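A short write-up of the structure that comes next.
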Amino acid sequence: MVQRITLVLFNLLLFFGTQTAWAQSSNGKTQPTLLDSILGSNGTLQPVIEKKDKFRTQIIYSRISKDSKGEIVLTHYSFNANEQSYFYPASLVKLPLSIFAIEKINSLKSHGVTLQSKLSIDSNFTCQKSLTIDALSNDSVPSIKNYISKALIVSDNESYNRLYEFVSPGYCEQRLSEIGFNKARIISRFSSCDSTENRHTNSFKFYNDSNDLIYTQPPAFFSKKITPPFSTMKIGKAHYAKGKTINTPKDFSKSNCFPLQDMHDLLISLVYPETSKFSFSLSAEDRNFLLKCLSSSPQESEIIPIVTNPAYNEFMTNYLYYGAQKNVIRNPNLKVFNIVGQSYGFLSDISYFQDSKNNVEFFLSAVIYANSSEVVGNGGYQYETVGFPFLQELGKTIYNFELKNKSKN
């Protein structure tokens, strides 16, 4: 019933159409692609598809098959995907940050530091908070493993902040450059800290099982000049700040940035590292841990305070198929590995769909901007009536297409 009501509101707010979506080909001519045909076959998607620029809609779809040698072959399709078009990634950056945190931990093995090592955090600059206890854990002991689990499973922002402080914007900048993600950057906490405060990161101390100090990471300062990766990073017609509406767009030039294609490729590299053009300093165990976090619902977490907290609903971090709804029935054959973002009117989801029973798997990433008022920061977004219904319908449409065409893969 909730789903039906939401979709009705979605259609009432927007116009209905049946025109097929078209993507721009490399030679400048418009040519229909497989993804265009799939999108055009579903009238419910058309209100957003036909106004793709208004909704800043981007979709990337990768089909998976095997060649005669049994090796993975990826075939990619996209709709309106444009790395020059900025969108606020919000919690999407928790995935690359988690990867970098594991890489950094792996570099400290000679000191005896592991993902499970107890840690404490000092306060060394304004807008920093010291920490010795993690209340959202089984034993109150803070660890990088716990922070990654919480960041990826329930999208916990405080865990992201602690990972950010451990990894540091300097390390993020270095690794993103090495990977070739030249327009991606992770330069801010999820807090009220200003750009200068976000350049400063806290010191960390790690301890062994006997509570002996085994490693100290000193506070750091990211001194490199930050250049906006896009010619314009202004969104909306007005923005809300300090209790009032200001009639100028919101400037995201000092905010995090991660193009959809880069996030899509990042997830592929975790699931199928053999197909990736870049690599991470991760073991098979590290990758399995990350993938488990990406596919687990809150109720499947190993952290008891999360499992028992009714505020964490089963599908809260699944937009492409379940629409983040509470009252939907789980597809018993489907497993989704994903990371989502929600902020400033933007909804995004980077997903790998796996249905082992029906031999179906594919990657699907999408972003939509649901802010009809074009006032950024006032909270008046159409997540429930436009954003979630569109992403849910999109995921189901692609999944159903794959089910019907599995024999042709």
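Apart from one condition, Ser279 fits all of (1) surrounded by 15 or more Cβ atoms within 10 Å (Cβ to Cβ); (2) in contact with a helix residue (DSSP H, G or I) (Cβ under 8 Å, 6 or more places away or on another chain); (3) without any contact (Cβ under 8 Å) to a residue 12 or more places away in the chain; the exception is (1).
Of the helices (runs of 4 or more DSSP H) lying entirely inside region 38-154, those carrying at least 2 residues that are surrounded by fewer than 22 Cβ atoms within 10 Å (Cβ to Cβ) and assigned by TED's automatic domain parsing to the domain that holds Ser168 are 94-106.
With respect to being in the same structural domain as Phe100 (by TED's automatic domain parsing), of a type in the set (Phe, Trp, Tyr), in contact with a helix residue (DSSP H, G or I) (Cβ under 7 Å, 6 or more places away or on another chain) and surrounded by 20 or more Cβ atoms within 10 Å (Cβ to Cβ), Phe181 fits the description.
Within region 292-312, the presence of a residue that is of a type outside the set (A, V, I, L, M, F, W, C), in contact with a Gly (Cβ under 8 Å, 6 or more places away or on another chain), crowded, with 16+ Cβ neighbours inside 10 Å and assigned to a loop (DSSP other than H, G, I, E, B) is excluded. Would you confirm, using the coordinates I've provided, whether Asn288 is more than 19 Å from Ser351 (Cα to Cα) and either outside any helix (DSSP H, G or I) or out of contact with any helix residue (DSSP H, G or I) (no Cβ under 8 Å at 6 or more places or on another chain) (or both)? Criteria not met by Asn288. Cys172 - would you say it is outside any helix (DSSP H, G or I) and either buried (at least 22 other Cβ atoms within 10 Å of the Cβ) or modelled with pLDDT of 95 or more (or both)? So Cys172 fails the test. So for region 208-223 (the condition being more than 24 Å from the chain's Cα centre (by Cα), over 30 Å from Ser143 (Cβ atoms) and either loosely packed, with under 11 Cβ neighbours inside 10 Å or not assigned by TED's automatic domain parsing to the domain that holds Ser107 (or both)), does at least one residue qualify? No, there is no match, as no residue in region 208-223 is more than 24 Å from the chain's Cα centre (by Cα), over 30 Å from Ser143 (Cβ atoms) and either loosely packed, with under 11 Cβ neighbours inside 10 Å or not assigned by TED's automatic domain parsing to the domain that holds Ser107 (or both).
Residues that are within 18 Å of the chain's Cα centre (by Cα) and within 22 Å of Asp156 (Cα to Cα) within region 170-190 comprise Cys172, Ala184, Arg185, Ile186, Ile187, Ser188, Arg189, Phe190, listed in sequence order. Annotation note: Cβ proximity below 7 Å between a residue of region 171-187 that is farther than 10 Å from Pro96 by Cα and a residue that is of a type in the set (D, E, K, R) and in a strand (DSSP E or B) (sequence gap 6+ or interchain) occurs for Glu173/Arg185.
The values are calculated or read from the model by the stated rules, or taken from the named source; none is laboratory data. What you see is a predicted model, and the numbers here were worked out from it, not measured in a lab. Ideal geometry is used to build each Cβ from the backbone, glycine not excepted, and the neighbour counts take in all protein chains shown.
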